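Novice: Here it is, the structure in full.
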Amino acid sequence: QVQLVESGGGLVQPGGTLRLSCAASTNIFSFETMGWYRQVPGKQRELVATITQLGSLRYAESVKDRFIISRDAAKDTVYLQMINLKPEDTAVYYCNAQSPRGPFWGQGTQVTVSS
């Protein structure tokens, strides 16, 4: 069973930075795509950023120029570097991995942007 474990969330002031990590229990290149999604209560989970096996990147319009997705193959870990955080970035952030075996999700990590 694939496990994805997120870490790095927390409380940060507007304009601050955070880096989320997603550690996979298997080789991250076994997945077609890995990425980050976020969800606030009462709303649908939304895509934040994804990275494919070949390294193609995709970002939500609302986070372009502020968030960067990256990976470390040696650690089987995907990161989300977030800068200039805004209150509207407050959400639970989930790591996702897509493969022929189906989508896998982490347990989520809370990010709160507030003064």
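The values are calculated or read from the model by the stated rules, or taken from the named source; none is laboratory data. None of the values given here were measured: they were computed from a predicted structure. Cβ coordinates were reconstructed from backbone atoms using ideal geometry, including for glycine residues, and neighbour counts include every protein chain displayed. Protein only, heavy atoms only, side chains kept; ligands, DNA and RNA dropped before computing areas. Shrake-Rupley method; radii C 1.70, N 1.55, O 1.52, S 1.80 Å.
Novice: What does the charge add up to near Ala23, with Lys and Arg as +1, Asp and Glu as -1, over the other residues with Cβ less than 9 Å from its Cβ?
Specialist: Numbers: positive: Lys75; negative: Glu6, Asp76.
Neighbourhood net charge equals -1.
Novice: A further question follows. Mind putting together the pair-distance distribution for segment 1-87? All Cα pairs, 10 Å bins, whole percent per bin, short to long.
Specialist: Using 10 Å bins, I get a P(r) of 16, 49, 30, 5 for segment 1-87.
Novice: By a straight-distance test (C-alpha under 19 Å), which aspartates and glutamates pair with Lys75 as possible cross-link partners, with residues fewer than eight away in the same chain excluded?
Specialist: Glu6, Glu32
Novice: Give me the percent of accessible area attributable to carbon and sulfur for the chain, probe 1.4 angstrom. Walk me through the numbers on the way to the answer.
Specialist: Numbers: 3000 of 6190 Å².
Here it works out to 48 percent.
Novice: To continue, here is another question. Pick from Gln44, Gln81, Gln98: which is most flexible by mean-square fluctuation in a GNM of the chain where alpha carbon atoms under 10 Å apart are linked?
Specialist: Taking springs between Cα atoms under 10 Å, the residue moving most is Gln44.
Novice: Cross-link partners among aspartates and glutamates for Lys43, C-alpha distance below 20 Å, same-chain residues fewer than 8 apart left out?
Specialist: Within the straight-line cut-off, Lys43 pairs with Glu61, Glu88, Asp89.
Novice: I need to check one value: relative contact order of the chain, counting alpha carbon pairs closer than 8 Å and at least 6 residues apart, in percent. Show your work: numbers first, answer last.
Specialist: On the way: 279 pairs, mean separation 42.6, N = 115.
Relative CO of the chain lands at 37 percent.
Novice: How many Å² of accessible area per residue for the chain, probe 1.4 Å? Don't skip to the end; give the middle numbers.
Specialist: Details: 6190 Å² over 115 residues.
Ligands and nucleic acids excluded, the figure is 54 Å² per residue.
Novice: Treat every Asp and Glu Cβ in segment 1-82 as -1 and every Lys and Arg Cβ as +1, leave all other atoms uncharged, and give the resulting dipole magnitude about the Cα centre to the nearest 20 debye.
Specialist: Values: 9 positive and 7 negative charges, 34 e Å.
About 160 debye.
Novice: In whole angstrom, how long is each semi-axis of the equivalent ellipsoid of segment 51-115, when you take the square root of 5 times every eigenvalue of its Cα gyration tensor and sort them from largest down? Kindly include the intermediate steps, with their values, before the conclusion.
Specialist: Working: eigenvalues 104, 44, 26 Å².
Sorted largest first and rounded, they come to 23, 15, 11 Å.
Novice: Under a crude label model (7 Å from the Cα following the beta-carbon direction), how far is Ser56 from Ile83 in nanometres?
Specialist: The modelled label-to-label distance comes out at 2.7 nm.
Novice: Using θ = phi - 60° and the Karplus relation 6.51 cos²θ - 1.76 cosθ + 1.60, list the HN-Hα couplings for segment 36-41 in order, rounded to whole Hz, with x at every Gly or Pro.
Specialist: Per-residue couplings from phi come out as 10, 10, 9, 8, 10, x Hz.
Novice: With the crude spin-label approximation of a point 7 Å out along Cα→Cβ, what separation in nm comes out for Thr17 versus Arg45?
Specialist: For Thr17 paired with Arg45, the spin-label model returns 2.9 nm.
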